[in-house]
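All remarks here apply to the structure that follows.
Rule-based calculations on the coordinates, nothing more; no lab input. Everything quoted here is computed from the prediction, not taken from an experiment. Reconstructed Cβ throughout: ideal geometry from the backbone, glycine too, with neighbour counts over all protein chains shown.
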Amino acid sequence: MFAPLLLPVFLYAETHYRFPFFFSFLSKAEPELLADAPHRLEPGRRLPILLLAKDAHRFPSVLVSADAVLTAPGEAPRTVALITHRIRLDDRLWWTVCDIDVGVAVGWVAVDVRLTLEINGTTKTYHNDNLRTSNHSPLQVYVSPVPLPSLPGLRFGEAHAHSAATDDQVEFGVPTGAGKALGRSMGLTFWCVTDHSYDLDDRTDSYLDNHPDIPKWRSLQSEIDLLNDSVDGFVIVRGEEVTVRNHRGKNVHCLVYGDREYHPGSGDSAEHWLHTRSELSLGELLKRISPHALAFGAHVRERVPILQRLLLGRDVWHAQDMAHSRLSGVQFWNGSREGGWEEGKQAWIAQLLAGRKCIAVAGNDAHGNFNRFRQIGIPFLRIAEADHQLFGRVRTGVFTKVGSEAAILRALAEGRSIMTDGPAAMIADGNGELLLGTHIAGSTRAHITAVSSPEFGILKEITLISGTPGFQRETVVERWSSESSFQFEADRVLESSGSSYYRLEVITSEGRRDGRQHMCLTNPVWCASSKEL
């Protein structure tokens, strides 16, 4: 009994919010209490502050009050009341979202949330969370003066993030209602909820025990249906992150979108000591998913720590896995352009050059991280914090006139989409109709558009790239440079003879938001002969 509890604490690199095995040390025998906020706020939006208490049923207490001190550039600190009445905390999960007005603030705003907790007759005030070893520093929110760079019909979303249904020894996601509220505030219109298969088969009151009736999965489906019934411009796409065996018999993760059936996968759950064989191979999963469902390889070339390889049987995706005919595509952009990003991008390109229609999506694998990433630094000793893998930092954009779950799934399936952490781009025909995801034949006049903003930087390079079957490398068709523009337009004739696809890459100069360059990659325009169309 001890080993399965302890093992994941040492093995998981992506640990977020939840630390029950050594909870009493890190949280001083109190419910885990924290505040979160979006890392970015669209202009004219109120700022949602998420307050969350976890495992209060173990440590009943009272949230006496909560307020936020806002410090904006050039302004004196301003205090805003969030909670003014006493709230009894005795549930497994309690949360609320408090919307506050940021006034005329622009740029980085520090938000210091003060939480006053009463437990066993003692009252204490914490800043932003009560984890013993965290830095408790203010949340940092970039209040943008302009909206996300966008184009007609383009809707942005988070393609890989976990809800509160991901709940185990070391990981905990965000309540779907909270994710929806914070996602909307940063300019997103959809969220693909992708919880771990080995969490979704648990009992609702215990992550250590499975339940044959999968009540947690069923509850999540009802929750998504209810949230999608509201007409507020934000859609949740149901999904699952399924652990499957790759062609080497090792564990990899596969994102399944739009399926109302649960698929098992527990090989790397650490629920059973040294039992690492998942129930399904990749091929078996792809045979059983619903015809309308999509499947994408998750973080396909992210490096796997040696202990996870040895003790959890984890591996990366290989070319043979990505080439499966039923696989819709891959997610190689996973929160940043570091780690396995470049290797994953090249693996995607290799599939394109092999003549395969492989769609790419971008996500963050966020586990309830909106403003800062919280993880176990040293087990039993320290919490580490960082600014990566934040919900919505990297986005998938889909071109669709309708924002329903079904419409978003269709756009993803057809490749009418882009990946970005800032700028946006598209290839259209002379009438402005989108060409991304479609097939062209012969000579086609294309209109190329790219947009950015001061937040993400000037459009530095716009590159049109083509790929030809049988070649090992892509070809740069044309590269445009800019030194001062946030908008770009150009016309170019695309020749389908000898090429299998065209795509765009856009890179910016350093943006005001973070002093970094930002990037956009489109999915391809496909080439075909008249007979194939």
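Start at zero, step by 5 Å, and the Cα-Cα distances of the stretch 155-421 spread as 1, 6, 13, 18, 21, 19, 13, 6, 2, 0, 0 percent across the bins. Normalising the Debye intensity of the stretch 115-215 to I(0), with uniform scatterers on Cα atoms only, and taking log10 at q = 0.19 Å⁻¹ returns -1.09. Distance from the C-alpha centroid of the stretch 395-412 to that of the stretch 105-130: 38 Å, rounded to the whole angstrom.
Taking the stretch 191-323 on its own, what percent of its Cα-Cα pair distances exceed 19 Å? Result: 51 percent of Cα pairs exceed 19 Å. Dividing the mean sequence gap of close Cα pairs (under 8 Å, 6+ apart) by how many residues the chain holds gives a relative contact order of 13 percent.
Each eigenvalue of the Cα gyration tensor of the stretch 391-440, multiplied by 5 and square-rooted, gives one semi-axis; in descending order these are 19, 15, 9 Å.
About its Cα centre, the dipole of the stretch 31-147 is roughly 140 debye, where the only charges are +1 on Lys and Arg Cβ and -1 on Asp and Glu Cβ. Per 5 Å bin, what percent of the C-alpha pairs of the stretch 409-468 does each bin hold, from zero upward? For the stretch 409-468, the pair-distance distribution reads 4, 13, 24, 24, 19, 11, 4, 1.
Cβ crowding within 10 Å ranks Trp333, Trp526 as Trp526, Trp333, fewest other Cβ atoms first. Contact order for the stretch 25-171, expressed relative to its length and based on alpha carbon pairs under 8 Å spaced 6+ residues apart, stands at 28 percent. This ranking places Glu118, Glu75, Glu32 by how few other beta-carbon atoms lie within 10 Å of each, fewest first, which gives Glu75, Glu118, Glu32. The dipole here belongs to the stretch 422-527: it is taken about the Cα centre, uses +1 on the Cβ of Lys and Arg and -1 on the Cβ of Asp and Glu, and is about 180 debye. Rounded to the nearest 20 debye, the dipole size of the chain about its Cα centre is 520 debye, using +1 on the Cβ of Lys and Arg and -1 on the Cβ of Asp and Glu. By the count of other C-beta atoms within 10 Å, a proxy for reagent exposure, His85, His39 are ordered fewest to most as His85, His39.
Of the residues Leu255, Trp317, His160, the one whose Cα sits farthest towards the positive end of the charge dipole of the chain is Trp317 (charges of +1 on Lys and Arg Cβ, -1 on Asp and Glu Cβ, taken about the Cα centre). Its DSSP H runs of at least 4 residues, each contributing -39,500 (n - 2.57), put the calculated 222 nm mean residue ellipticity of the chain at -4500 deg cm²/dmol, to the nearest 500. Percent of Cα-Cα pairs per 10 Å bin, from 0 to the last occupied bin, for the stretch 27-103, please list those. Here the calculated profile for the stretch 27-103 is 17, 45, 26, 11, 1.
For the stretch 422-527, the convex hull spanned by the alpha carbon atoms encloses 89 Å³ per residue. For the residue pairs Lys357/Lys401; Lys54/Lys250; Lys180/Lys460, alpha carbon separations beyond 31 Å are given by Lys54/Lys250; Lys180/Lys460.
Relative contact order, whole percent, for the stretch 383-533 stands at 27, derived from Cα pairs under 8 Å and 6 or more residues apart. Near Gly157: Cβ cut-off under 15 Å, other residues only, Lys/Arg at +1 and Asp/Glu at -1. The net charge is +3.
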